[in-house]
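Report on the structure given below.
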Amino acid sequence: MDAEVLKQEKASFIAEPEPVRRNFHTRRETEHFKSGSAVPCDVFRRCFVDLLIDSDHRRAIELILAAATSGIALPDVYVRILQPAIQEISRRYNTGQATGVDRQLAATVTRRIMMRLHADAP
């Protein structure tokens with residue numbers, strides 16, 4: 001019986017650790033629209049921050065380009081989505097919730113988006 005207990009303890013010790021979920025928001029984007037609790041820019045900003053923290057830069061770029069083509073004015077994309085997102089990433093970095101790599105990736109992806117939006121602007 002002691003051998004079985006040791007075997008189980010060893011298996012639980014060697015087992016792979018649970019992956020750390022880095023997303024800070026658990027609600028889906030659609031819930032924001034259904035409840036009417038947030039304007040679309042806030043939803044895009046939250047999703048953008050989550051994608052940046054998850055290092056999913058491709059989807060982050062697609063999200064902001066979709067926001068720009070969905071009818072949100074370009075100044076609003078800059079001031080109400082991109083700028084607050086960078087501020088949120090910096091806040092998380094300062095409180096230890098994000099790494100320096102997250103912050104650098106966010107800055108690089110945001111610059112890339114801004115260049116693309118500027119190039120596509122009329």
For this session: Inspect region 86-96 for any residue being of a type in the set (A, V, I, L, M, F, W, C), assigned to a helix (DSSP H, G or I) and at pLDDT below 95 and give the result as yes or no.
Result: no
For this session: Working carefully through the options GLU62, GLU18, find the one that is modelled with pLDDT under 90 and of a type in the set (Asp, Glu).
Result: GLU18
Exercise. Looking at region 96-122, which of its residues are surrounded by 14 or more Cβ atoms within 10 Å (Cβ to Cβ) and among the aliphatic types (A, V, I, L, M)?
Worked result: ALA98, LEU105, ALA106, ALA107, VAL109, ILE113, MET114, LEU117
For this session: Answer with yes or no whether ASP76 is more than 23 Å from ASP120 (Cβ to Cβ), in a helix (DSSP H, G or I) and at pLDDT 90 or above.
Result: no
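Every residue in region 65-122 that is β-branched (Val, Ile, Thr) and either touching a residue at least 40 places away in the same chain (Cβ under 8 Å) or more than 23 Å from PRO40 (Cβ to Cβ) (or both), please.
Step one: of region 65-122, the residues β-branched (Val, Ile, Thr) are 69, 72, 77, 79, 81, 86, 89, 95, 99, 101, 108-110, 113.
VAL77, ILE81, ILE89, THR95, THR99, VAL101, THR108, VAL109, ILE113 - these are the residues of region 65-122 that are β-branched (Val, Ile, Thr) and either touching a residue at least 40 places away in the same chain (Cβ under 8 Å) or more than 23 Å from PRO40 (Cβ to Cβ) (or both).
Could you tell me whether any residue of region 113-122 is basic (Lys, Arg) and more than 15 Å from VAL49 (Cα to Cα)?
Pass one, region 113-122, residues basic (Lys, Arg): 116.
Remaining after also requiring more than 15 Å from VAL49 (Cα to Cα): 116.
Yes, region 113-122 contains at least one residue that is basic (Lys, Arg) and more than 15 Å from VAL49 (Cα to Cα).
The values are calculated or read from the model by the stated rules, or taken from the named source; none is laboratory data. In this text, all values refer to a predicted model and were calculated from it rather than measured experimentally. All Cβ positions, glycine included, derive from the backbone under ideal geometry; neighbour counts span all protein chains shown.
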